[in-house]
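The values are calculated or read from the model by the stated rules, or taken from the named source; none is laboratory data. Computed from a prediction, not measured in an experiment: that's the story for all the values here. Neighbour counts run over all protein chains shown; Cβ positions are idealised from the backbone, glycine included. Heavy atoms of the whole protein, side chains included, go into the accessibility calculation; ligands, DNA and RNA do not. Shrake-Rupley method; radii C 1.70, N 1.55, O 1.52, S 1.80 Å.
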Amino acid sequence: MVLGDQLDPASAVLRDIDAARDVVLMMEVAAESRHVPSHVQRTVVFLSAMRHFAGELVAKGLRVRYVSLADAANTQTFEGELSRAVRDLKPEAIVVLEPGEHRVRVALQEAADGLGVPLEVRADEHFLTPREVFAAHASSRKSLIMEFFYREQRKRLDVLMERGKPVGGDWNFDKENRESFGRDGPHAPAVLRFEPDAITCGVMEDVRRVLPELPGRIESFGWAVTRAQALESLQDFVEHRLDDFGPYEDAMWTGQTWLYHSQLSVPLNLKLISPRECVEAALARHARRPVPLASLEGFVRQIIGWREFIRGVYFHEGPSYETRNYLEEHGMLPSFYWDGKTEMKCLRECVGQVLDHAYTHHIPRLMVLANFALISGVHPKKISDWFLAMFADAVDWVTLPNTLGMAMHADGVTAEQATKKQPSKGPVVGTKPYAASGKYISRMSNYCRHCAFDVEKRTGDDACPFNTFYWDFLIRNKDRFKGNQRMVMVMKNVERLSRPDVVEITVSAKKLREKLGIGAIGGT
Ligand code: SF4
């Protein structure tokens with residue numbers, strides 16, 4: 001069995017396949033696009049890449065049982081399709097690569113048990129860090145910190161190392177990677193996008209018929225859907241955008257979705273290309289024509305550090321991770337996350353990019369879309385599910401720790417929330433919440449220049465809502481953050497607020513939450 005995010009011809013499932021004996025099972029099922037209401041581009045990129053991949057397997061002489069979304073007999077669930085396949089093929093066993101989502105693993109195991117067929121789950125060797133290596137790293141420390149994991153990866157994989165020391169004398173050059181574009185805006189080269197071919201157009205037609213309710217817009221679709229296209233994207237990035245990737249990594253600009261970012265998270269998460277190939281391509285480019293170290297190191301860190309760390313956390317923390325709510329927030333997700341209809345320019349722009357492309361780069365995700373949910377008191381699982389639904393590169397292993405952990409600071413367990421299976425502990429992914437006021441957005445983009453709200457104001461009808469919610473967030477979590485060393489300076493500012501200021505902020509935030517349909521926080 002090959003799932004939609006396992007499209008690697010050299011995977012542990014396909015490596016020893018016997019064309020005379022084995023059948024490859026691939027299934028397009030509507031339930032996977034409805035489990036969270038998956039963006040139409042996310043659905044199309046998965047299914048189109050699957051159809052192209054199946055065609056390549058058939059061309060190699062393998063037998064493929066491929067269930068298309070619009071097949072009349074399709075039961076539209078993994079369980080139903082597994083049952084039909086077992087009935088027709090009578091297999092001795094089902095072999096699958098470890099799914100990137102606990103829910104899918106449980107569903108497949110239960111289906112196989114119910115059908116009385118053994119399920120063999122093989123390790124996913126796409127990643128650079130075997131599960132045992134991450135477990136050894138995690139068990140040797142009191143808390144998990146990406147930077148330490150990353151340093152170990154650099155040494156273990158011998159990437160950007162020189163006689164046992166990091167190249168350039170430092171592990172991390174992020175301080176050099178915080179440029180904004182200034183008044184003139186960016187001059188980033190156009191990114192390589194791919195015209196939908198007949199197979200992709202066929203998928204679009206099937207999705208239109210079977211899943212007409214999906215959110216998002218399809219018109220701009222241009223994702224790589226084959227390994228050849230993914231490799232072209234990789235070359236395009238290392239040749240044309242890698243040099244400026246570092247300094248402008250965090251910058252945002254109206255009407256500019258891609259900037260110097262790579263678009264590689266989509267083909268990487270579908271496994272059309274490997275992390276090793278990405279790092280090797282960047283290093284080869286550096287050998288041919290030197291890349292500024294802050295850009296090269298920044299890219300390498302994303303691939304061998306952050307991506308592998310996040311996956312390690314997902315499996316290390318296990319299925320109960322998704323239930324955590326360390327800050328005890330219970331608000332609803334405002335409706336503008338689904339339609340972009342808001343007067344807040346930054347959110348209108350970033351949600352608009354998501355609706356148009358199923359993508360924004362990491363700073364709109366972290367510092368606009370998730371930041372607003374964090375400081376306004378949205379329930380962490382509601383915003384995590386939105387990220388899982390709306391991004392073309394979303395798979396549970398990557399989306400959940402990034403959103404619930406990194407962005408929402410929700411992956412700790414309070415004493416009140418603790419159970420036998422989940423003892424109390426502090427947040428895992430982030431050592432402090434990534435909460436920011438409008439000031440950060442104003443510094444890193446041109447959004448505030450075209451907004452109905454005033455980024456200088458904290459309260460009042462025309463005050464920037466990020467400011468109101470930012471201060472309210474700090475006030476309502478004052479006791480929780482006071483022991484956090486990384487929050488000392490920020491919390492001193494909260495202590496300096498006068499009593500009337502505190503009341504004004506709290507009342508303004510409450511009104512704003514009601515207006516936006518977020519509702520009460522803290523379940524009160
Ligand atoms: Fe966003 Fe506030 Fe700036 Fe408007 S003023 S764009 S709401 S940060």
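Pick from GLN422, GLN485: which is more than 23 Å from HIS330 (Cα to Cα) and under 29 Å from the mean Cα position of the chain (by Cα)? Full working, then the answer.
Values: GLN422 fails: more than 23 Å from HIS330 (Cα to Cα).
After ruling out the rest, the residue left standing is GLN485.
I'd like to check something: does the range 462-479 contain any residue that is open to solvent by 40 Å² or more (accessible area, probe 1.4 Å), within 10 Å of the ligand (Cβ to nearest atom) and in the same structural domain as GLY331 (by TED's automatic domain parsing)?
Of all residues in the range 462-479, those open to solvent by 40 Å² or more (accessible area, probe 1.4 Å) come to 462, 471, 476, 478-479.
Keeping just the survivors that are within 10 Å of the ligand (Cβ to nearest atom) gives 462.
Going one step further and asking which of them are in the same structural domain as GLY331 (by TED's automatic domain parsing), we end up with 462.
So far as the range 462-479 goes, yes, one or more of its residues are open to solvent by 40 Å² or more (accessible area, probe 1.4 Å), within 10 Å of the ligand (Cβ to nearest atom) and in the same structural domain as GLY331 (by TED's automatic domain parsing).
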Taking the criterion of being over 19 Å from the mean Cα position of the chain (by Cα), closer than 29 Å to SER48 by Cα and open to solvent by less than 10 Å² (accessible area, probe 1.4 Å), would at least one residue in the range 310-325 satisfy it? no
Name the single residue, out of those in the range 236-280 being basic (Lys, Arg) and open to solvent by less than 40 Å² (accessible area, probe 1.4 Å), that is farthest from ALA190 (Cα to Cα). LYS271
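Could you look through the range 103-119, keep only residues that are small (Gly, Ala, Ser) and on the phi < 0 side of the Ramachandran plot, and pick out the one that is least open to solvent (accessible area, probe 1.4 Å)?
ALA112
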Members of the range 446-460 that are open to solvent by less than 60 Å² (accessible area, probe 1.4 Å) and within 8 Å of the ligand (Cβ to nearest atom): TYR447, CYS448, CYS451, PHE453, ASP454, VAL455
Close pairs from the range 107-128: first within 21 Å of GLU32 (Cα to Cα), partner of a type in the set (Lys, Arg) and surrounded by fewer than 17 Cβ atoms within 10 Å (Cβ to Cβ), Cβ under 8 Å, at least 6 apart: VAL121/ARG105
In the range 342-364, what residues are assigned to a helix (DSSP H, G or I), buried (at least 22 other Cβ atoms within 10 Å of the Cβ) and more than 15 Å from the ligand (Cβ to nearest atom)? VAL354, HIS357
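Criterion first (in contact with a strand residue (DSSP E or B) (Cβ under 8 Å, 6 or more places away or on another chain), open to solvent by 50 Å² or more (accessible area, probe 1.4 Å) and more than 21 Å from SER265 (Cα to Cα)) does ARG122 satisfy it?
Details: in contact with a strand residue (DSSP E or B) (Cβ under 8 Å, 6 or more places away or on another chain): yes; open to solvent by 50 Å² or more (accessible area, probe 1.4 Å): yes; more than 21 Å from SER265 (Cα to Cα): yes.
Yes.
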Within the range 417-434, restricting to residues that are free of Cβ contacts under 8 Å to residues at least 40 places away in the same chain and not aliphatic (A, V, I, L, M), the one that is farthest from the ligand (Cβ to nearest atom) is LYS420
Can you spot a residue in the range 414-428 that is out of contact with any strand residue (DSSP E or B) (no Cβ under 7 Å at 6 or more places or on another chain), open to solvent by 10 Å² or more (accessible area, probe 1.4 Å) and closer than 30 Å to SER442 by Cβ? yes
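Taking the stated definitions as given, is PHE391 within 14 Å of the chain's Cα centre (by Cα), open to solvent by 10 Å² or more (accessible area, probe 1.4 Å) and away from the ligand (no atom under 16 Å from the Cβ)?
On the way: within 14 Å of the chain's Cα centre (by Cα): yes; open to solvent by 10 Å² or more (accessible area, probe 1.4 Å): no; away from the ligand (no atom under 16 Å from the Cβ): yes.
Answer is no for this residue.
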Checking SER437 against (1) of a type in the set (Ser, Thr, Tyr); (2) closer than 19 Å to ASN325 by Cβ; (3) within 13 Å of the ligand (Cβ to nearest atom): exactly one of these is not met. Which one? (2)
Residue set GLY185, GLY116, GLY169; condition more than 25 Å from ILE310 (Cβ to Cβ) and either of a type in the set (A, V, I, L, M, F, W, C) or modelled with pLDDT under 95 (or both); output residue GLY185
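Considering only residues that are of a type in the set (A, V, I, L, M) and in contact (Cβ under 8 Å) with a residue 24 or more places away in the chain, look in the range 285-294 and name the one that is surrounded by the fewest Cβ atoms within 10 Å (Cβ to Cβ). If you could, list the steps in order and put the result at the bottom.
Step one: filter the range 285-294 for residues of a type in the set (A, V, I, L, M), giving 287, 291, 293-294.
In the following step, the residues that additionally are in contact (Cβ under 8 Å) with a residue 24 or more places away in the chain were identified as 291, 293-294.
Values: VAL291: 21, LEU293: 18, ALA294: 20.
Among them, the one singled out is LEU293.
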